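J.: The following block contains the structure, expressed as structure tokens.
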Amino acid sequence: MSLIVLSLSGSFAFNWLPVRAADLSREQVIELSKDKTHKLSLKKKDLSGVDLSGIDLSGADLFSANLDGCNLDGAKLNGATLDRAQIRKASLVKADLSSSSLYAVVLDHSDLTEANLSNSRIIGLLNHVNLSRAQLSGANLGADMANQGMAPARIEMNNAVLIGANLSNVNLRHAIMPNANLQNANLHKAQLQWADLSRTDFTGAEISEADFSNAILDGAKLNKANGRDSAFGLNKSAKP
């Protein structure tokens, strides 16, 4: 059994997550990562519960890997393939996932405080995830309308914490994120068309030139958001 400690909204949650014997140890992963002549392949590997903090996994293939309960704090995963990976109740504080692919990923209850996900492609489950002060500028979290037969085809971020996150120019079209905390987040020019933003808190957020067209904003707190005058789609769908 492995004790996972997550910081969510300033509090700590303690959860016991059963962890099976991993396919590789931390030392084995480090040794494999030293070979720069070949792309590091950890495809479908069970690495659950392994301490991978600070390891350089740039460009690695982690397709369908099991990273549940892993410590990936400060890990370099830029340009990595994490499609269909399971990364539940993991810690990715200050991890670099820029320009990475996370299609059909499961990141429920994971801590990505100050992680870098800029220019990444993300589709999947990020329920109860902590993305406080994370960098998501230019990231594509919009629904894959060409593959609606694949599950999941859109991002689900129920009760996500994105306090102070940089979401400028992010694509969140059709995102499902009710009860999200976006206090003091930067949503300048964010694409939020058709997103479910019900009961989402935008207090202190920057929403100038963001597009809320056809978004669900029932119960959303927008009265103390900055840049409302230049945001699109609020006149008909939201009240001050």
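The values are calculated or read from the model by the stated rules, or taken from the named source; none is laboratory data. Everything numeric here is computed off the predicted structure, so don't read it as measured data. Neighbour counts run over all protein chains shown; Cβ positions are idealised from the backbone, glycine included. Surface accessibility is based on the protein's heavy atoms, side chains included, excluding ligands, DNA and RNA. Shrake-Rupley method; radii C 1.70, N 1.55, O 1.52, S 1.80 Å.
J.: Solvent-accessible area per residue for segment 99-149 at a 1.4 Å probe radius, Å²?
T.: Here the per-residue accessible area is 31 Å².
J.: Nearest-5 percent of antiparallel DSSP beta bridges in the chain? Working shown, then result.
T.: Values: 7 of 43 bridges.
Just about 15 percent of them are antiparallel.
J.: Can you list residues from other chains, or at least 5 along the same chain, whose modelled amide H is less than 5 Å from the amide H of GLU206?
T.: Result for GLU206 returns ALA185, ASN186, LEU187, ASN226.
J.: While we're looking at this one, here's another question. Here are some pairs, LYS36/LYS89; LYS189/LYS221; LYS94/LYS221; LYS45/LYS76; LYS43/LYS76; LYS44/LYS89; which of them have Cα atoms lying more than 22 Å apart in this structure?
T.: LYS36/LYS89; LYS94/LYS221
J.: Where does the chain land at 222 nm, in deg cm²/dmol rounded to the nearest 500, when only DSSP H runs of n ≥ 4 count, each adding -39500 (n - 2.57), divided by all residues?
T.: -1000 deg cm²/dmol
J.: Right, something else. Counting each pair of different Cα atoms once, what's the Kirkwood radius of segment 25-143 in Å, rounded to one decimal? Mind dumping the intermediate values first?
T.: Working: mean 1/r = 0.0735 Å⁻¹.
Its Kirkwood hydrodynamic radius stands at 13.6 Å.
J.: Each residue of segment 181-194 in turn: what ³J(HN,Hα) in whole Hz from Karplus with 6.51, -1.76, 1.60 and θ = phi - 60°, glycine and Pro shown as x?
T.: 9, 10, 4, 6, 7, 9, 10, 4, 6, 5, 9, 10, 4, 6
J.: In segment 83-240, carbon and sulfur make up what percent of the accessible area (probe 1.4 Å)?
T.: Carbon with sulfur: 43 percent of the solvent-accessible area.
J.: Moving on to the next point. Using R₀ = 45 Å, calculate the FRET efficiency as 1/(1 + (r/R₀)^6) where r is the Cβ-Cβ separation of SER213 and LYS44; round to 0.05.
T.: 0.65
J.: Rounded, prolate or oblate for segment 51-210? Axes are the square roots of the Cα gyration tensor eigenvalues, ordered a ≥ b ≥ c, and the cut-off for rounded is a/c under 1.5.
T.: On the way: a/c = 1.66, a/b = 1.33, b/c = 1.25.
Prolate.
J.: Shifting gears a bit: Tell me, what HN-Hα J-couplings in whole Hz come from the Karplus equation 6.51 cos²θ - 1.76 cosθ + 1.60 at θ = phi - 60° for each residue of segment 109-116, using x for Gly and Pro?
T.: Residue by residue, segment 109-116 yields 6, 9, 9, 10, 4, 6, 6, 9 Hz.
J.: Can you list the residues, at least 5 places off or on another chain, whose amide H is less than 5 Å from the amide H of TYR103, using H built in the peptide plane?
T.: Amide H neighbours of TYR103: LEU82, ASP83, ARG84, ILE123.
J.: Quick one: net charge around SER98, please, counting Lys, Arg +1 and Asp, Glu -1 for every other residue with C-beta under 14 Å from its C-beta.
T.: Cβ neighbours under 14 Å give a net charge of 0.
J.: Okay, moving on. In percent, how large is the relative contact order of segment 55-200, given Cα pairs closer than 8 Å and 6 or more residues apart?
T.: Normalised by residue count, the contact order of segment 55-200 is 15 percent.
J.: Using amide H atoms built in the peptide plane, which far-off residues or other-chain residues are under 5 Å from LYS221 H to H?
T.: Long-range HN contacts for LYS221: THR200, ASP201, PHE202.
J.: Work out the FRET efficiency for SER198 and LEU32 from their Cβ-Cβ distance, taking R0 = 51 Å, and round it to the nearest 0.05.
T.: E(calc), rounded to 0.05, equals 0.70.
J.: When a/c reaches 1.5 or more, the comparison of a/b and b/c decides; with that in mind, is segment 177-240 rounded, prolate or oblate per its Cα gyration tensor?
T.: Rounded is the answer for segment 177-240, as its axis ratio a/c remains below 1.5.
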